[in-house]
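**Student:** Right, I'll just put the structure down here and ask away after.
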Amino acid sequence: MSPVVDIVVPVHNEEAVLERSVRRLHRFLSDGFPFSWRIVVADNASTDATPAIAAALAAELPRVAVQRLERKGRGRALRAAWSASAAPVVCYMDVDLSTDLRALLPLVAPLISGHSDLAIGTRLARGARVVRGPKRELISRCYNRLLRTALRARFSDAQCGFKAARADALASLLGDVRDDGWFFDTELLVVAQRRGLRIHEVPVDWVDDPDSRVDIVATALEDLRGVARLLAGTRPARFVTVGVASTAAYALLFLALHAALGAGGANAAALALTAVANTEANRRFTFGVRERRGRLRQHGLGALVYVLTLGLTGGALAVLHRVDARPPRVVEVAVLIAAGVCATVTRYVALRTWVFAHRHRPGAVRRSITAGARAGS
């Protein structure tokens, strides 16, 4: 019979602490933990005595298993162990057991009851008690502040090695989490938040491991690259990408048509040709709308924005020609682009308003992952 909770301990070259930590965790769980459980030591490419120690523990202690991976990466180890688990709730904790184990039940209980989809231990919320040096404290707070600013994260502590999730929620999340290293935790939480899953936070008692071999600089750089990648995937970033491509196409069309149509005609034609493509690209790429329903209305909104943009650019062009009857083409293009940028915000707001109204209109069926998980439980 499958356990209710699988507790994964990812390790890489942890021969010094593995046996002591697993025995301590095993004693804690055996001494009255109210749900059935299993400990899974996820060894990712250890080259010391870690595999042998893990195998000996699995042979001696009931409900202890070992999973071996031949490639490094904490995220890779968690992905493999969680994907192979048959338990409805999976969690993990760092092998140093820096987090007080008494927080394990508050961590998994909301998931077992169905109240939440993911749960994290947090060292930065009120009620947490943390013992660590000022350097790590500063780095942790700065990193989580960066996540709140850049990615609008609503969770308080992305890096605490003490997390759990419902297996049915993870099934659809793991495929969209690309990182296999230390950034795996953060990316998992950001993807879950973007999908509207409920993340429960548990303030923990946490004592820093003075013997930790984590390379802080390398890990920080890896995290920053991950943040930049996730930021590039946000809706505003996608909108900017479409806007840059559309602006470049507009400028080329304006220059190509100028001789035949004049500045005003070239402006109107170039805007018309790029407006349709811009609206469709934002519809699909920025807002992820694929169905045909509502396309005409969306392009109708795009047409209204086109009229506004034409008015702004035409007015700017008229003012320029009053100042200089024969301005250089590059100046004309610069003025038109500047005026067009002013109308870009209107395009974004119009499309976002339509998408929001379409997806949240009265009577619409909201197919959330949470609802699906509840229906299947």
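The values are calculated or read from the model by the stated rules, or taken from the named source; none is laboratory data. Everything numeric in this text was worked out from a predicted model, so none of it was measured. In this analysis, Cβ positions are derived from the backbone assuming ideal geometry, glycine residues included, and neighbour counts consider all displayed protein chains. Side chains are part of the model used for accessible areas, which takes the heavy atoms of the whole protein and leaves out ligands, DNA and RNA. Shrake-Rupley method; radii C 1.70, N 1.55, O 1.52, S 1.80 Å.
**Student:** How many residues does region 165-178 hold that are in a loop (DSSP other than H, G, I, E, B) and open to solvent by 60 Å² or more (accessible area, probe 1.4 Å)?
**Tutor:** 1
**Student:** Have a look at Arg23, Arg63, Arg102, Arg74 and point out the one that is among the charged types (D, E, K, R), farther than 26 Å from Val207 by Cα and touching a helix residue (DSSP H, G or I) at 6+ places or on another chain (Cβ under 9 Å).
**Tutor:** The unique qualifying residue is Arg63.
**Student:** Checking Val130 against (1) open to solvent by 40 Å² or more (accessible area, probe 1.4 Å); (2) in a loop (DSSP other than H, G, I, E, B), only one condition comes out false. Which one?
**Tutor:** In the conditions (1) open to solvent by 40 Å² or more (accessible area, probe 1.4 Å); (2) in a loop (DSSP other than H, G, I, E, B), Val130 misses (2) alone.
**Student:** Regarding region 179-191, can at least one residue be identified that is part of a loop (DSSP other than H, G, I, E, B), exposed (fewer than 15 other Cβ atoms within 10 Å of the Cβ) and at pLDDT below 95?
**Tutor:** no
**Student:** Here's a follow-up. Which numbered condition in (1) under 24 Å from the mean Cα position of the chain (by Cα); (2) surrounded by fewer than 19 Cβ atoms within 10 Å (Cβ to Cβ); (3) among the charged types (D, E, K, R); (4) part of a helix (DSSP H, G or I) is the only one that Lys135 fails?
**Tutor:** That leaves (1) as the condition not met.
**Student:** Out of (1) over 15 Å from Glu201 (Cβ atoms); (2) without any contact (Cβ under 8 Å) to a residue 40 or more places away in the chain; (3) among the polar types (S, T, N, Q), the odd one out for Asn144 is which?
**Tutor:** Just one mismatch for Asn144, condition (1).
**Student:** Glu201 fails exactly one of the following numbered conditions: (1) in contact with a helix residue (DSSP H, G or I) (Cβ under 9 Å, 6 or more places away or on another chain); (2) buried (at least 17 other Cβ atoms within 10 Å of the Cβ); (3) not polar (S, T, N, Q). What is the number of that condition?
**Tutor:** Glu201 satisfies every listed condition except (1).
**Student:** Here is a follow-up. Could you check region 33-49 and list, in sequence order, the residues that are polar (S, T, N, Q) and either under 19 Å from Arg71 (Cα atoms) or buried (at least 16 other Cβ atoms within 10 Å of the Cβ) (or both)?
**Tutor:** Answer for region 33-49, where residues must be polar (S, T, N, Q) and either under 19 Å from Arg71 (Cα atoms) or buried (at least 16 other Cβ atoms within 10 Å of the Cβ) (or both): Asn44, Ser46, Thr47.
**Student:** Here are the criteria: (1) within 17 Å of His12 (Cα to Cα); (2) touching a strand residue (DSSP E or B) at 6+ places or on another chain (Cβ under 7 Å); (3) open to solvent by 60 Å² or more (accessible area, probe 1.4 Å); (4) not charged (D, E, K, R). Tell me which single one Ala52 does not satisfy.
**Tutor:** Every condition holds for Ala52 apart from (2).
**Student:** Right, something else. Only one of (1) in contact (Cβ under 8 Å) with a residue 24 or more places away in the chain; (2) open to solvent by 70 Å² or more (accessible area, probe 1.4 Å); (3) not in a helix (DSSP H, G or I) fails for Pro62. Which number is that?
**Tutor:** Unmet condition: (1).
**Student:** Go through Arg194, Arg145, Arg123 for me and flag whichever is farther than 26 Å from Gln67 by Cα, touching a Phe, Trp or Tyr at 6+ places or on another chain (Cβ under 6 Å) and not polar (S, T, N, Q).
**Tutor:** So the residue among Arg194, Arg145, Arg123 that is farther than 26 Å from Gln67 by Cα, touching a Phe, Trp or Tyr at 6+ places or on another chain (Cβ under 6 Å) and not polar (S, T, N, Q) is Arg123.
**Student:** Further, regarding this structure: Can you confirm whether region 73-90 contains a residue that is at pLDDT 95 or above, of a type in the set (S, T, N, Q) and under 20 Å from Leu170 (Cα atoms)?
**Tutor:** Yes, there is a match, as at least one residue in region 73-90 is at pLDDT 95 or above, of a type in the set (S, T, N, Q) and under 20 Å from Leu170 (Cα atoms).
**Student:** Are any residues in region 229-240 open to solvent by 60 Å² or more (accessible area, probe 1.4 Å) and aliphatic (A, V, I, L, M), and if so, which ones?
**Tutor:** Scanning region 229-240 gives Leu231, Ala232, Val240.
**Student:** Considering only residues that are open to solvent by 10 Å² or more (accessible area, probe 1.4 Å) and among the hydroxyl-bearing types (Ser, Thr, Tyr), which ones fall in region 139-164?
**Tutor:** If the condition is that a residue be open to solvent by 10 Å² or more (accessible area, probe 1.4 Å) and among the hydroxyl-bearing types (Ser, Thr, Tyr), then Tyr143, Thr149, Ser156 are the ones that fit.
**Student:** Against the definition (open to solvent by less than 40 Å² (accessible area, probe 1.4 Å), touching a Leu at 6+ places or on another chain (Cβ under 8 Å) and under 19 Å from Arg166 (Cβ atoms)), how does Val22 come out, yes or no?
**Tutor:** Spelling it out, it is not the case that Val22 is open to solvent by less than 40 Å² (accessible area, probe 1.4 Å), touching a Leu at 6+ places or on another chain (Cβ under 8 Å) and under 19 Å from Arg166 (Cβ atoms).
**Student:** To continue, here is another question. Restricting attention to region 261-275, and to residues there that are touching a helix residue (DSSP H, G or I) at 6+ places or on another chain (Cβ under 9 Å) and not hydrophobic (A, V, I, L, M, F, W, C), which single residue is surrounded by the most Cβ atoms within 10 Å (Cβ to Cβ)?
**Tutor:** Across region 261-275, the extreme among qualifying residues is Asn267.
**Student:** Could you tell me which of the residues Val5, Val11, Val17 is touching an Asp or Glu at 6+ places or on another chain (Cβ under 7 Å), crowded, with 23+ Cβ neighbours inside 10 Å and either of a type in the set (Lys, Arg) or touching a residue at least 60 places away in the same chain (Cβ under 8 Å) (or both)?
**Tutor:** Selected residue: Val11, the only one of Val5, Val11, Val17 that is touching an Asp or Glu at 6+ places or on another chain (Cβ under 7 Å), crowded, with 23+ Cβ neighbours inside 10 Å and either of a type in the set (Lys, Arg) or touching a residue at least 60 places away in the same chain (Cβ under 8 Å) (or both).
**Student:** Then there's this: Can we say Ser30 is within 28 Å of Ala171 (Cα to Cα), hydroxyl-bearing (Ser, Thr, Tyr) and open to solvent by 10 Å² or more (accessible area, probe 1.4 Å)?
**Tutor:** For Ser30, the condition - within 28 Å of Ala171 (Cα to Cα), hydroxyl-bearing (Ser, Thr, Tyr) and open to solvent by 10 Å² or more (accessible area, probe 1.4 Å) - is not met.
**Student:** Now a separate question. I'd like the residue in region 99-127 that is of a type in the set (Lys, Arg) and open to solvent by 40 Å² or more (accessible area, probe 1.4 Å) and, out of all such residues, is nearest to Ile199 (Cα to Cα).
**Tutor:** Here the residue is Arg126.
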